[in-house]
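> What follows is a single structure, and I will ask about it in a moment.
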Amino acid sequence: MMSTVNSNAFISQIIDAIIEVVGPGPVSLHEPRFDGNEWLYLKECLDSNYVSSVGKYVDQFEQSLANYTGAKYAISVVNGTAALQIALKLAGVNSGEEVLVPALTFVATANAVSHLGAIPHFVDSEESSLGIDVLKLREYLNANTEEQSGLCVNKSTNRVIRALVPMHTFGHPSDLEQLLLIAKDFNLVLVEDAAESLGSFFKGKHTGTFGLLGSLSFNGNKTITTGGGGAILTNNEALARRAKHLTTTAKISHKWEFDHDEIGYNYRMPNINAALGCAQIEKLPEKLIAKRELFKRYKEEFKRISGALIFEESSNCQSNYWLQTLLLEDDNLRLRDSLLDASNDIGIMTRPVWKLMSNISPYVNSPAMSLEGANSLYRRAINLPSSPALSLGTR
Ligand SMILES: *Cc1c(COP(=O)(O)O)cnc(C)c1O
């Protein structure tokens, strides 16, 4: 354990390094940037009156997403939570079943499961990917589940475990190769929460396209934004058609009759949001270059500091570097909190990772494996200012 004097010096060193990269405060964690055709496309929506459920930008945005990610189909929706909820529903998740999700994630991952009446079952994360610990998960499933007529059953709750949902933390891809093998060996459907990882690739293939379905988010703090928004990715034509149908009130197409063949959802993305998305995705390559440049600057600065490491993509991945992440060597909550206080006090926005899902009140009673890896990451990881504008020199 470090002495107080030493830890104060350590904290000043870190804050100086951040200021060296981003300049003096105030600096936010992640700001959107509108330097493309946003005004043009939005004006076109207003001038034409097509701001809502009809208009060309929804189709255009979906096509751009499919082209960029390599998914055969992209279906845009109101937000990333809704995208994951519908993806899980289409993956066959039923009420009363369990879904494996990392404990180290944003609450939306668990909520999307709960919105279907299903139960999130929390799994551990590890340090090399910040994603699900695949070795530990395989051991855990071997010991705690059994196969019953082609389904994976939790031996202690007797519930079916239907799906496995990796989340690509701060844009860093999880070990999708091993996760696919685990899904196959244990009869689980793989559905990816790729909300944070637009622009991130695992072995050259875009995240969110490995599972049967994947979900993206375009919330204001994500790599590109539509104000609020999300999308479902899939290569399966029937699922794509059903995703569009379900998210648009399950209306049967007709010249004038209102008829619906199931209980659908009003989750469609409005045209005005899609217009923003069309302009934003044109600038995605530029934003990714800027984020990578910002990473390099942090890396250079933090090379000099022992006891803290800037998180770097592994060799088989290409990360979008959505949120830059500092990992403290010392597993010391007090040190983390002092650092968060000191930087936020001078207007440099830094954030801890999310409280583990198993520690927030809605989910304290959900099933969970032991979570040493996730707990350690919770105590050691800090997100640093990550806006692409910080390295474009036009903040
Ligand atoms: C942003 C995010 C979502 C989706 O959030 P929305 O605000 O509903 O678009 C889902 N999962 C994770 C991990 C996220 O970071």
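Every number here is computed from the coordinates shown, using simple stated rules; none is lab data. Please read these numbers as outputs of a predicted model, since none were measured by experiment. In this analysis, Cβ positions are derived from the backbone assuming ideal geometry, glycine residues included, and neighbour counts consider all displayed protein chains.
> HN-Hα J couplings of the range 38-46 from phi, Karplus 6.51/-1.76/1.60, θ = phi - 60°, integer Hz, Gly and Pro as x?
3, 4, 4, 5, 5, 4, 4, 4, 5
> Can you tell me what share of the DSSP beta bridges in the range 155-224 is antiparallel? A percent to the nearest 5 is fine.
Rounded to the nearest five, the antiparallel share is 25 percent.
> Along the three principal axes, how long is the range 1-86 when you take its alpha carbons, biggest first, rounded to the nearest angstrom?
Principal axes ranked by extent give 62, 31, 22 Å for the Cα atoms.
> Please report the antiparallel percentage of the DSSP beta bridges confined to the chain, to the nearest 5.
On the way: 33 of 49 bridges.
Close to 65 percent.
> Going toward the positive end of the dipole of the chain, with +1 on Lys and Arg Cβ and -1 on Asp and Glu Cβ, which of Leu151, His115, Leu246 do you reach last?
After comparing all options, I get Leu246.
> If neighbour count is taken as other Cβ atoms inside 10 Å, put Thr169, Thr350 in order from fewest to most. Can you show the working numbers first?
Details: Thr169 29, Thr350 22.
Least to most surrounded, the residues fall as Thr350, Thr169.
> Go through the range 126-188 and name the GluC sites (Glu not before Pro) that are in a DSSP coil and have 16 or fewer other Cβ atoms within 10 Å of their Cβ. Before the final figure, lay out the partial values.
On the way: sites: Glu126, Glu127, Glu139, Glu146, Glu147, Glu177; in loops: Glu126, Glu127.
Loop-located and lightly packed - Glu127.
> Taking the Cα centre of the chain as origin, work out the dipole magnitude from +1 charges on Lys and Arg Cβ and -1 charges on Asp and Glu Cβ, in debye rounded to 20.
On the way: 36 positive and 43 negative charges, 96 e Å.
Roughly 460 debye for the chain.
> Pull up all non-local amide H partners of Thr145: gap of 5 or more, or a different chain, and H-to-H distance under 5 Å with H placed in the peptide plane.
Distant-sequence amide H within range of Thr145: Lys155.
> Can you tell me how much longer the chain between Ser361 and Asp337 gets when fully stretched, taken as 0.36 nm per residue apart minus their C-alpha distance, in nm with one decimal?
Values: separation 24, 0.36 × 24 = 8.64 nm, distance 2.16 nm.
Between Ser361 and Asp337, full extension yields 6.5 nm more.
> Can you give the translational diffusion coefficient of the range 266-317 in µm²/s, computed by Stokes-Einstein from the Kirkwood radius over Cα pairs at 4 °C and 1.567 mPa s? Don't skip to the end; give the middle numbers.
Details: Rh = 14.1 Å.
The Stokes-Einstein estimate is 92 µm²/s.
> Okay, moving on. Between Gln13 and Ser52, what is the spin-label point distance in nm, taking each point 7 Å from the Cα along the Cα→C-beta axis?
My value for the distance between the label points is 5.9 nm.
> Next up: With the contact rule set at Cα under 8 Å and sequence spacing of 6 or more, what percent relative contact order holds for the range 210-348? Walk me through the numbers on the way to the answer.
Working: 138 pairs, mean separation 21.9, N = 139.
Value for the range 210-348: 16 percent.
> Once the mean 1/r over all distinct Cα pairs of the range 131-274 is inverted, what Kirkwood radius in angstroms do you read off? Display every interim value, and only then the final one.
Working: mean 1/r = 0.0582 Å⁻¹.
When all Cα pairs of the range 131-274 are included, the Kirkwood radius is 17.2 Å.
> Could I ask something else about it? Put one equal scatterer on each alpha carbon of the range 115-204, apply the Debye formula with no solvent term, and list log10 I(q)/I(0) at q = 0.19, 0.23 1/Å to two decimals.
Normalising to I(0) and taking log10 leaves -0.89, -1.21.
> Under a point spin-label approximation (7 Å from Cα along Cα-to-Cβ), what is the Gln148-Trp256 distance to one decimal in nm?
5.4
> With bins 10 Å wide starting at 0, give me the P(r) of the chain over every alpha carbon pair, in whole percents.
5, 23, 31, 25, 13, 3, 0, 0
> Which of the chymotrypsin sites (Phe, Trp or Tyr not before Pro) found in the range 155-259 are loop residues per DSSP with 14 or fewer other Cβ atoms within 10 Å of their Cβ?
Working: sites: Phe170, Phe186, Phe201, Phe202, Phe210, Phe218, Trp256, Phe258; in loops: Phe186, Phe210, Phe218, Trp256, Phe258.
Those that pass, being in a loop and sparsely packed, are Trp256, Phe258.
> Based on the alpha carbon coordinates of the range 64-180, what radius of gyration and maximum Cα-Cα distance (Dmax) apply, in Å?
In Å, with Rg to one decimal and Dmax whole: 14.7, 45.
> Determine the gain in length on full extension of the stretch Tyr265-Gln63; use 0.36 nm per residue of separation and subtract their C-alpha separation, reporting nm with one decimal.
Details: separation 202, 0.36 × 202 = 72.72 nm, distance 2.20 nm.
That pair, Tyr265 and Gln63, stretches by 70.5 nm at full extension.
> Sticking with this structure for a sec: For all pairs of alpha-carbon atoms in the range 245-395, what percent lies in each bin of width 5 Å, listed from the first bin to the last filled one?
2, 7, 11, 13, 13, 12, 12, 11, 8, 5, 3, 2, 1, 0
> Same structure, new question: Would you work out the Kirkwood radius for the range 170-229? I mean one over the mean of 1/r across all pairs of different Cα atoms, in Å. Before the final figure, lay out the partial values.
Numbers: mean 1/r = 0.0829 Å⁻¹.
After inverting the mean inverse Cα-Cα distance, the result is 12.1 Å.
> Additional query: When the helices in the chain are scored as -39500 (n - 2.57) per DSSP H run of 4 or longer and the sum is shared across all residues, what 222 nm value do you end up with, to the nearest 500 deg cm²/dmol?
Values: 12 runs with 148 residues, N = 395.
Helix contribution divided over all residues of the chain: -11500 deg cm²/dmol.
> Putting +1 on Lys and Arg Cβ atoms and -1 on Asp and Glu Cβ atoms, find which of Asn273, Gly227, Ala194 reaches farthest to the positive end of the dipole of the chain.
Selected residue: Asn273.
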